[in-house]
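Novice: What follows is a structure written as structure tokens; I'll ask about it next.
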Amino acid sequence: MFEHIQAAPADPILGLNDAYKSDLNPNKINLGVGVYKDEQGNTPILKAVKQAEERLLTQEKTKSYLSIEGAPAYRSAVQKLLFGNDHNIINKQLAQTAHTPGGTGALRVAAEFIKKHLPEATIWVSNPTWANHQSVFQSVGLEVGSYAYYDAKNKSLDFEAMLASLSQIPEGDVVLFHGCCHNPTGIDPTPEQWYQLAKLSSKQGFLPLFDFAYQGFGQSLNDDAKGLRTFLEHVPEMLIANSFSKNFGLYNERVGALTIICETAEQAETAFTQVKRCIRTNYSNPPSHGSAIVAEILNDPELYALWESELKDMRIRIHEMRSLFVNTLRVKGVSQDFSFISQQQGMFSFSGLTPDQVTQLRKDYGIYIVGSGRISVAGLTHDNMEPLCSAIAEILN
Ligand code: PLP
């Protein structure tokens, strides 16, 4: 029965991680997968997370199932973080949130929900986008199209082309936006551009789906939510897939959420029964531990303040690494202008390195970068900066 099965291609990002792990080069550097590293090159457990876990260990009374949509304390805390306290959407109960296994789980549930209830819809993603978007949507049989986003020549957002693309998208289709810290380019629309996009969404009648995996990694928790909050002023319906893998460092706990926003509370409640149906037939109900940690932190002012300051530290370290990277390349005599990297935000930058240069870095120097030239800036440290920039200088000069 299984003889005819052919091997699936390696995942472009996780496959690279496996190759890194089996590389025997003692000086190898991993700038592939989007995981935060501290100055020592470790991915730490946040202090706020540890403290929340200590509390949970003593307070937890059961390992019984959660409900299909997850724990109430978690679900309401997610909404406050997305919309801000006392938002109209919360007060009028226009949103319903389900805890999902990570942001990927949220996208997958959203995909099934769209396929079932908007069967004619095409989903549009930015060019380029996170490598898994297409696969997740195609796996449920959705048509996936792409809209213009990146200006490779100027290393910037091609906003004119983006508007022109989105103006062609018909009513009833779905458009995915990266809420902040666009993966892989690190380039986001400005507040004024978000406003124009929201107006366009309202005019065209397409449904926005926000993928919000990096809240707090750009400017701040509130500033990073500006894009989706601006949309909420102009469109009555939206889907949001958010993740706590990065901003809580809870990568392996699989904690995220899918939120559906409707025009009335009644519609939201009804639509949510169908979201729950997708979950029930998929993984039945979510794992508890990660969401209990997040709820404990978000609902406790002291832990919240500690978490926010730890998140700020991660954000600042990444911003500093961006500047240091640009400066070190300059010191090493690289004439090509890399200054755009310090203007981008989030974990990633499109470096402009070609696939051949990326291959050479891997083969000759043990430096692992995704084939597109995307660098995980969160993997840069003072220690690996010198060897990395020397290798890039040797390749480019
Ligand atoms: N969306 C984007 C843009 C991402 O970069 C990622 C993770 O890298 C995800 C979603 C998925 O996050 P999670 O690990 O929580 O499934």
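What follows is calculated from the coordinates using simple rules that are stated; it is not laboratory data. Small disclaimer: the values here were computed from a predicted structure and weren't measured. Cβ sites come from the backbone with ideal geometry, for glycine too, and all protein chains shown count toward neighbours.
Novice: Rounded to the nearest 5, what % of the DSSP beta bridges within the chain are antiparallel ones?
Specialist: On the way: 17 of 36 bridges.
Looking only at bridges with both residues in the chain, the antiparallel portion is about 45 percent.
Novice: Could I ask something else about it? Can you return the lysines within cross-link range of Lys276? Criterion is Cα-Cα under 20 Å, with same-chain partners fewer than 8 residues away left out.
Specialist: Lys115, Lys116
Novice: So, how do all the Cα-to-Cα distances of the chain break down into 10 Å bins, in percent, from 0 on up?
Specialist: 5, 22, 31, 26, 13, 3, 0
Novice: Where the only charges are on Cβ atoms (+1 Lys, Arg; -1 Asp, Glu), what is the dipole of the stretch 13-104 about its Cα centre, to the nearest 20 debye? Write down the numbers at each step before the final one.
Specialist: Details: 11 positive and 9 negative charges, 45 e Å.
The calculation lands at about 220 debye.
Novice: Based on Cβ point charges of +1 for Lys and Arg and -1 for Asp and Glu, what charge dipole magnitude is obtained for the stretch 61-165 about its Cα centre, in debye rounded to the nearest 20?
Specialist: The dipole magnitude comes to about 560 debye.
Novice: Let me ask another. Hey, how many Å between the Cα centroid of the stretch 351-397 and the Cα centroid of the stretch 77-152?
Specialist: 32
Novice: What angle, in degrees between 0 and 90 and rounded to the nearest 10, separates the Cα long axis of helix 102-117 from the longest principal axis of the Cα atoms of the chain?
Specialist: 50
Novice: Which order, highest average first, do 85-93, 4-12, 282-290 follow once you tally other Cβ atoms within 10 Å for each residue and take the mean per peptide?
Specialist: 282-290, 85-93, 4-12
Novice: For the stretch 155-231 and the stretch 259-324, what is the centre-to-centre distance using only Cα atoms, to the nearest Å?
Specialist: Computed from Cα coordinates, the inter-centre distance equals 19 Å.
Novice: Be a star and scan the stretch 310-332 for residues whose amide nitrogen sits under 19 Å from the point 7 Å along the Cα-to-Cβ vector of Glu394.
Specialist: What the label zone holds, given the 19 Å backbone N cut-off, is 328-332.
Novice: Multiply the residue gap between Ala8 and Ser156 by 0.36 nm, knock off their C-alpha separation, and tell me the result in nm, one decimal place. Walk me through the numbers on the way to the answer.
Specialist: Values: separation 148, 0.36 × 148 = 53.28 nm, distance 3.40 nm.
Separation in residues times 0.36 nm, less the Cα-Cα distance, equals 49.9 nm.
Novice: Also, I was wondering about something else. Figure the gain on full extension for Glu302 and Asn282 (residue separation times 0.36 nm, minus the Cα-Cα span) and round it to one decimal in nm.
Specialist: Numbers: separation 20, 0.36 × 20 = 7.20 nm, distance 3.63 nm.
Gain on stretching Glu302 to Asn282: 3.6 nm.
Novice: Right, next: Tilt of helix 355-365 relative to the longest C-alpha principal axis of the chain, in degrees (0 to 90, nearest 10)?
Specialist: 60
Novice: Which order do the peptides 17-25, 169-177, 249-257 take when ranked by the mean count of other beta-carbon atoms within 10 Å per residue, highest first?
Specialist: Top of the packing list down: 249-257, 169-177, 17-25.
Novice: Pull up the cross-link candidates among the aspartates and glutamates for Lys226, meaning alpha carbon to alpha carbon under 17 Å and not fewer than 8 places away within one chain.
Specialist: Qualifying aspartates and glutamates at Cα under 17 Å: Asp86, Asp188, Glu192, Asp211, Glu237.
Novice: What is the spin-label model distance, in nm, from Lys92 to Leu163 if the labels are put 7 Å beyond Cα along the C-beta direction?
Specialist: 2.8
Novice: Roughly how tilted is helix 47-59, in degrees to the nearest 10 and between 0 and 90, from the longest Cα axis of the chain?
Specialist: Orientation of helix 47-59: about 40 degrees from the principal axis.
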